[in-house]
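Working notes, beginning with the structure itself.
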Amino acid sequence: MAPSRSRRASALILDRGIGPLFVTPALVLLVLVVVGPFFYTIALSFTDLSYALPDRDGSFVGFDNYRRLVRSDPVFWDSFTTTLWFVVASVAIEMVLGLAAALILAGLLARGRFVLTLVLVPMMLAPVTVGLIGKLMLQGEFGMLTYYLRELGLMGQQTAMLGDPKLALAAVVLLDIWQWTPFVTLVMLAGILSLPRGPFEAAIMDGAGRLRILWDITLPLLRPIIALVLLLRSIDAFKEFDKVFILTGGGPGTATELLSIYTYRVNFRDWDLGYGAVCAFMVYLVVLVLCSVFYKAMSRRDRSEP
Amino acid sequence: VTRAWRGAAIAAVIAIVIIALTPYVWMLLTSFKGRLDALADRPVWMFDPTLEHYGDVLIDKKYLPLVWNSLFVAVGTTILSLAIGVPAAYVFARARFAGKEDLFFFFLTTRMAPAISVVVPMYLLFNKLGLLETRIVVVLAHSTFNLSLVVWMMRGFFAEIPPQMDEAAQLDGHTRAGAFVRVLLPLAAPGIAATAVLCFILSWNEFLYAFILASFESRTLTVGIPGLVTPHGTLWGQVAAVAVVATLPILLFTAVVQRHLVRGLTFGAVKG
């Protein structure tokens with residue numbers, strides 16, 4: 001028994017020639033389009049390069065840009081705070097609503113799958129069109145949602161969500177919830193349907209009620225998947241650009257200016273590329289940190305699986 | 001008690017479906033509305049439909065070539081990512097070497113890389129190389145996320161094929177590479193098809209890279225649509241019409257790959 005198994009294991013190791021041949025092109029492409037640009041960003045962040053001012057031709061300025069970020073750019077930190085609010089509010093609500101919807105759909109079994117196809121529509125639309133749909137519905141004069149919100153007395157007759165600083169951020173969150181709750185539902189439903197049946201049958205035999213089963217069995221068993229969805233959604237929400245860029249462009253004023261939109265503005269409106277590189281690098285850094293948490297969570301899960 | 005639960009659940013599901021679909025349906029309706037109906041003070045649900053916006057925007061405003069640009073970019077990045085990513089995924093599924101998981105994680109980080117951070121240096125680099133504003137640049141940029149999607153999804157699909165298949169093929173006289181092409185690829189074909197559709201969708205829907213890197217002529221649909229929105233007097237019928245053209249094919253595709261969506265969107269963390 002033992003020799004044949006080890007022979008099989010060695011057969012699984014690819015011929016020496018083929019492994020590198022198959023992996024290298026992928027690595028080269030990634031180095032070209034991701035790693036190269038990443039290090040170029042870091043290099044740029046130590047220069048004063050600007051396409052708007054001819055005398056700033058990219059000479060080395062040390063940590064000047066970083067100093068400016070920490071000491072004298074309140075707008076950056078405002079947009080950082082706005083981004084955090086956006087991420088926390090939308091992801092938290094998406095998690096609760098998405099999980100609730102998944103639990104309901106799981107109870108409907110076969111019909112749940114068909115309903116899921118319909119529910120997935122928002123997340124499969126191009127984010128740009130999601131932004132446009134939001135704009136169309138929230139227009140001040142003829143927006144469909146504006147009209148009904150006013151009729152129901154939920155909003156003043158003169159109020160337009162996208163024109164009011166506080167409400168504009170709420171509108172952005174609302175649109176993100178509409179778009180991404182289906183993702184949470186989709187993954188949670190897959191998770192729920194893959195849970196082992198044993199614990200549930202035992203609990204029903206013991207006469208446990210629905211809420212008790214949900215609280216004591218379903219949720220604890222789902223914990224790893226909940227953590228994964230939470231991380232994936234947080235990373236994506238932190239990077240959000242398209243929808244908000246279309247819906248509000250970061251306004252009114254800078255009320256909905258997320259970090260990504262601020263970075264866009266510094267680079268492609270002000271053409272302040274040296275400083276813009278610092279902003280881009282900061283976004284990168286936060287995402288990398290979230291990513292490594294995701295990776296740790298995943299490898300822990302893999303180890304716990306048989 | 002059970003009947004009450006069931007009734008409440010069905011009511012909730014109906015509400016969920018209505019909320020999920022109404023905004024899209026509203027845009028669909030808007031694309032068929034005459035100017036007066038679209039701008040009415042009070043939302044109009046019943047009206048005489050017209051197809052004029054589709055002709056106006058696709059032909060008169062020349063948005064039809066944008067469909068071609070989007071197709072070119074999406075098909076291009078799909079082929080590139082599959083051609084390079086599928087063999088790599090096979091190695092990740094079968095081979096054992098030190099640091100494999102770390103290398104694999106590296107692929108994940110490229111999928112997660114924020115577009116706004118990558119596109120700035122990309123713009124400057126491609127500008128220096130004189131490649132800016134071509135569709136090829138957008139194809140390359142889109143492979144930042146699609147290549148790792150392919151590697152992640154296809155690794156899972158290859159892992160599900162028993163290694164005995166490889167061995168049997170080699171006993172039949174195939175080389176490793178021959179076994180991969182003649183035996184493994186056909187077995188993985190359904191997975192490759194699902195992955196291809198997902199790559200296509202992600203690229204077709206992408207905005208930021210195309211927005212920054214493409215020129216007016218090479219811009220894709222997603223970049224073109226916001227151009228129709230002006231501070232004063234946006235023709236929403238036309239905006240809606242192009243948006244429908246940009247989204248309806250994708251929704252049909254989604255129905256085809258729904259089974260594989262979970263895996264594709266969670267990096268194989270959840271099987272679905």
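The values are calculated or read from the model by the stated rules, or taken from the named source; none is laboratory data. If you're wondering where the values come from, they're calculated on a predicted model, not measured in any experiment. As a convention, Cβ positions derive from the backbone with ideal geometry for all residues, glycine included, and neighbour counts pool all protein chains shown. Areas reflect the complete protein model, heavy atoms only, side chains present, ligands, DNA and RNA absent. Shrake-Rupley method; radii C 1.70, N 1.55, O 1.52, S 1.80 Å.
Take the accessible area of chain B alone and of chain A alone, subtract that of the pair, and you get about 8500 Å² summed over both chains, using a 1.4 Å probe.
Over chain A, dividing the summed -39,500 (n - 2.57) contributions of all DSSP H runs of at least 4 residues by the number of residues returns a 222 nm mean residue ellipticity of -23000 deg cm²/dmol.
Taking the convex hull of the alpha carbon positions in chain B and averaging its projected area over all directions gives 21.5 nm².
Mean residue ellipticity, 222 nm, helices only, chain B: the sum of -39500 (n - 2.57) across DSSP H runs of n ≥ 4, divided by residue count and rounded to 500, is -23500 deg cm²/dmol.
Rounded to the nearest whole angstrom, the semi-axes of the ellipsoid equivalent to the range A:18-173, taken from the Cα gyration tensor as √(5λ), stand at 41, 30, 15, largest first. Once you've got the GNM for chain A with C-alpha springs shorter than 10 Å, pick whichever of A:Gly140, A:Gly98, A:Gly19 has the biggest mean-square fluctuation. Greatest mean-square fluctuation among the candidates belongs to A:Gly19.
Shape verdict for the range B:6-105, please, from the Cα gyration tensor: rounded (a/c under 1.5), prolate (a/b greater than b/c) or oblate. In terms of gyration-tensor shape, oblate.
For the residue pairs A:Lys239/B:Lys61; A:Lys243/B:Lys128; A:Lys135/A:Lys166, alpha carbon separations beyond 27 Å are given by A:Lys239/B:Lys61; A:Lys243/B:Lys128. Taking the inverse of the mean 1/r over every pair of distinct Cα atoms in the protein assembly as shown gives a Kirkwood hydrodynamic radius of 25.6 Å. Close amide H pairs (under 5 Å, H built 1.01 Å from N) link A:Thr47 with A:Val61, residues at least 5 positions away or on another chain.
Other residues whose C-beta falls under 13 angstrom from the C-beta of A:Ala202 contribute a net charge of -1, scoring Lys and Arg +1 and Asp and Glu -1. Say we join alpha carbon atoms closer than 10 Å with springs in a Gaussian network model of chain B; which of B:Ser203, B:Ser70, B:Ser31 then has the biggest fluctuation? Judging by the Gaussian network model, the answer is B:Ser31. Using the Cβ-Cβ distance between A:Leu53 and B:Phe97 with R0 set to 60 Å, the FRET efficiency works out to roughly 0.75. Among residues other than A:Asp48 with Cβ under 12 Å from its Cβ, the summed charge is -2 (Lys and Arg +1, Asp and Glu -1).
Calculated FRET efficiency, B:Ile59 to A:Leu84, Cβ-Cβ distance, R0 = 56 Å: about 0.75 to the nearest 0.05. Here is what passes the span test in chain A: the DSSP H helices with alpha carbon length of 18 Å or more along the helix axis and a Kyte-Doolittle mean of 0.5 or above are A:18-30, A:74-107, A:165-193, A:219-239, A:273-304. Helices assigned as whole DSSP H runs in chain B whose Cα atoms extend at least 30 Å along their own long axis and whose mean Kyte-Doolittle hydropathy is -0.5 or higher are found at B:2-30, B:64-94, B:135-159, B:236-265. Net charge of the neighbourhood of A:Asp272, taken over other residues with C-beta under 13 Å away and scored Lys/Arg +1, Asp/Glu -1, is 0. What residue among B:Pro226, B:Pro249, B:Pro43 shows peak mean-square fluctuation when chain B is described by a Gaussian network model with Cα springs under 10 Å? Evaluated over chain B, the most mobile residue of the options is B:Pro43.
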